[in-house]
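No lab work stands behind these numbers, since they all come straight from the coordinates. Quick caveat: nothing in here was measured; it's all calculated off a predicted structure. Note that each Cβ is placed from the backbone with ideal geometry, even for glycine, and that neighbours are counted across all protein chains shown.
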Amino acid sequence: MTPRKTQHHLYPTYEKTKQLILNHGIHSVLEYRKFYYTCPKKIPYHPERIYANNWLGWDIFLSKQKTPMASFEEAKRLVHIEDIQTILEYENWYKECEQRLPSSPPQIYKEHWKSWSDFLRDKPKFASYEAASAATIAAGIKTHTEYTKWYRRSPVRIPSAPQIKYAEWTSWNEFLGKI
């Protein structure tokens, strides 16, 4: 089987094409695709294929200055300042933010990532197991049924189902201070 012929020799070099588009003020893939049809020189429609050995991405090819991605802490701080509460709000907002933020924070910040809840909230949603148990005991709650009626009035934010929420859960008796 003979190797497939490439048409690399039909195009200017990577550097010459890059300089040509820079000279014509091309700043986006869309502008490049339009320029392809009107360019006086033959340039590749898919430079990422033709220049695969030199290809480092469209931002480099278009000579864009790429601002660094915001750190996890900075992104979280910005989300809190803007009071972004949901994933949908984040998806609609991050592109407009002056800082460079990822479209998929769980992937970009995987070493710091816990959950969307953690990322979007300034403080944990619920009190710790210890604080929830202490508040429940201080309120004189003695049964699961009493807890279910009372938890919304608790002075600290506690879950409706602590047995599901808290990994350290052992029993209602322990949570209610009976043990």
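So the values come out like this:
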| read-out | value |
| --- | --- |
| Tail beyond 16 Å, pair distance distribution of region 10-74 (Cα, percent) | 45 percent |
| Stretch gain in nm, segment SER128-GLU89, where the contour uses 0.36 nm per residue and the Cα spacing is subtracted | 11.3 nm |
| Positive minus negative residues near TYR45 (Lys, Arg vs Asp, Glu; Cβ under 15 Å) | +3 |
| Neighbour-count order for LYS76, LYS16, fewest beta carbons within 10 angstrom listed first | LYS16, LYS76 |
| Kirkwood-based Rg to Rh ratio, the chain, C-alpha trace | 1.30 |
| Inter-site label distance for ILE108 and LEU56 at 7 Å from Cα along Cβ, in nm | 2.0 nm |
| Pair LYS165, ASP118: separation of 7 Å Cα→Cβ label points (nm) | 1.7 nm |
| Helix 14-23 vs. the chain, principal-axis angle (Cα, 0 to 90°, nearest 10) | 80 degrees |
| Calculated on alpha-carbon atoms, Rg and Dmax of region 59-113 in Å | 12.0, 37 |
| Above-threshold pairs, the threshold being 20 Å between Cα atoms, out of LYS76/LYS114; LYS16/LYS64; LYS16/LYS42; LYS76/LYS165; LYS64/LYS110 | LYS76/LYS165; LYS64/LYS110 |
| For region 129-175: rounded, prolate or oblate by the Cα gyration tensor [a/c cutoff 1.5] | rounded |
| Helical mean residue ellipticity (222 nm; -39500 (n - 2.57) per DSSP H run of 4+; nearest 500) of the chain | -10500 deg cm²/dmol |
| Net dipole in debye of the chain [+1 Lys, Arg Cβ; -1 Asp, Glu Cβ; about Cα centre; nearest 20] | 660 debye |
